[in-house]
Amino acid sequence: MKKNKKNPFNSKDNKFKQSKYAPGKVAFSVDGSVRAKKHLGQHFLKDEGIAEKIADSLGYEGYMNVLEIGPGMGVLTKYLLKKDIDLHVIEIDRDSVAYLGENYPQLEGKILEKDFLKTDISEIFEKEPYAIIGNFPYNISTQIVFKTLENRELIPEFAGMFQKEVAQRIAAPHGNKTYGILSVLAQAFFEVDYLFTVPPTVFNPPPKVESGVIRLKRKENFTLPCDEALFFRVVKTAFQQRRKTLRNSLKTFELSDNLREDAIFGQRPEQLSVQEFIELTEKIQQDAI
């Protein structure tokens with residue numbers, strides 16, 4: 001019977017064992033490290049200096065709880081554990097969970113083998129505020145931002161590594177060609193700073209693109225003076241046809257002829273600042289009364 005070369009349990013490069021931190025067998029490479037899995041979008045950061053720099057990007061003021069998403073083998077985790085915080089980590093990869101449990105005993109009871117996107121994080125910290133940090137898998141990074149926005153009442157600060165283009169898009173000012181839905185929604189509630197660029201060479205395996213680290217710090221007053229659900233809808237609808245003027249892209253809102261003549265509707269969505277999107281939403285809200 002031929003061995004299945006795609007089955008890691010038949011590979012001579014791995015060692016397999018039982019772990020009390022993850023059910024069943026877990027696979028480590030011969031050097032005891034976790035093998036990156038393409039389907040999970042894993043690129044393990046190996047530069048200690050950059051890991052420390054990311055850990056230092058949070059302000060750690062006004063909260064004690066911090067959640068690291070996708071810690072992998074803990075290169076960032078080790079620097080977070082030096083902070084005066086209550087750190088929890090959430091990891092979907094069973095092998096990484098086992099590695100963290102065996103190499104970071106300080107995390108006992110604080111390693112969550114879960115999918116962040118499907119988890120109610122507020123229950124973990126009993127609805128107390130918490131910051132988010134991580135070297136995020138590219139394939140779910142924008143979804144992580146959207147979930148952060150949905151839970152903004154509990155998240156005063158956020159820092160993480162994204163594909164560079166995504167990080168730049170989140171931080172882009174209006175008038176920029178990369179300015180879009182993520183830019184407006186994130187900047188409506190958070191102050192966004194693009195911190196630094198990270199080359200592919202500091203990852204294993206190296207991605208094909210550069211990465212960028214950004215920080216989101218929630219605004220002191222993060223409640224909008226308009227219907228927030230309507231604001232989200234206006235922004236998303238406008239950018240779905242970003243080359244059209246708002247007069248055309250927002251047709252589905254059934255605006256009155258009088259409002260449609262407002263000068264703002266002659267502009268394209270990337271020309272509007274966040275404040276102007278808020279004012280636009282207020283006008284649409286009043287028009288519907």
Pairwise FRET efficiency - residue 128 versus residue 221, Cβ, R0 = 22 Å, nearest 0.05: 0.60
Rounded to whole Hz, the Karplus (6.51, -1.76, 1.60) HN-Hα couplings of region 100-107, x for glycine and proline: 4, x, 7, 10, 10, x, 5, 8
Share, in percent, of DSSP beta bridges within region 26-141 that are antiparallel, nearest 5: 10
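Determine the percent antiparallel among the DSSP beta bridges restricted to the chain, to the nearest 5.
Numbers: 24 of 40 bridges.
Close to 60 percent.
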Surface share of carbon and sulfur [accessible, 1.4 angstrom probe, percent] for region 174-246: 48
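Can you pull out the GluC sites (Glu not before Pro) in region 42-127 whose DSSP state is coil and whose Cβ has at most 10 other Cβ atoms within 10 Å? Don't skip to the answer; put the middle values down first.
Details: sites: 48, 52, 61, 68, 91, 102, 108, 113, 123, 126; in loops: 61, 91, 108, 113, 126.
Of the GluC sites (Glu not before Pro), the ones in loops of region 42-127 whose Cβ has at most 10 other Cβ atoms within 10 Å are 61, 108, 126.
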Dimensions in Å of region 44-124 - Rg and Dmax from alpha carbons: 12.2, 34
FRET efficiency estimate (nearest 0.05) - Cβ-Cβ, residue 165 to residue 258, R0 35 angstrom: 0.30
Restraint check, 127/217; 78/110; 46/177; 46/208; 53/127, Cα-Cα greater than 23 Å: 46/177; 53/127
Calculated [θ] (222 nm, deg cm²/dmol) that DSSP helices of n ≥ 4 give over the chain, each run adding -39,500 (n - 2.57): -8000 deg cm²/dmol
Förster-model FRET efficiency, 35 Å R0, residue 275 and residue 33, C-beta, rounded to 0.05: 0.15
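For a quick check of your reading of the filter: which trypsin sites (Lys or Arg not before Pro) in region 111-151 sit in a DSSP loop and have no more than 12 other Cβ atoms within 10 Å? Before the final figure, lay out each step's value.
Details: sites: 114, 118, 127, 147; in loops: 114, 127.
Here the sparse-neighbourhood loop sites are 127.
The values are calculated or read from the model by the stated rules, or taken from the named source; none is laboratory data. All figures in this text were calculated on a predicted structure; none of them were measured in a lab. Because the Cβ atoms are built from the backbone with ideal geometry, glycine has one as well, and the counts that use them run over all protein chains shown. Heads up: the accessible areas ignore ligands, DNA and RNA and are worked out on the full protein's heavy atoms, side chains in. Shrake-Rupley method; radii C 1.70, N 1.55, O 1.52, S 1.80 Å.
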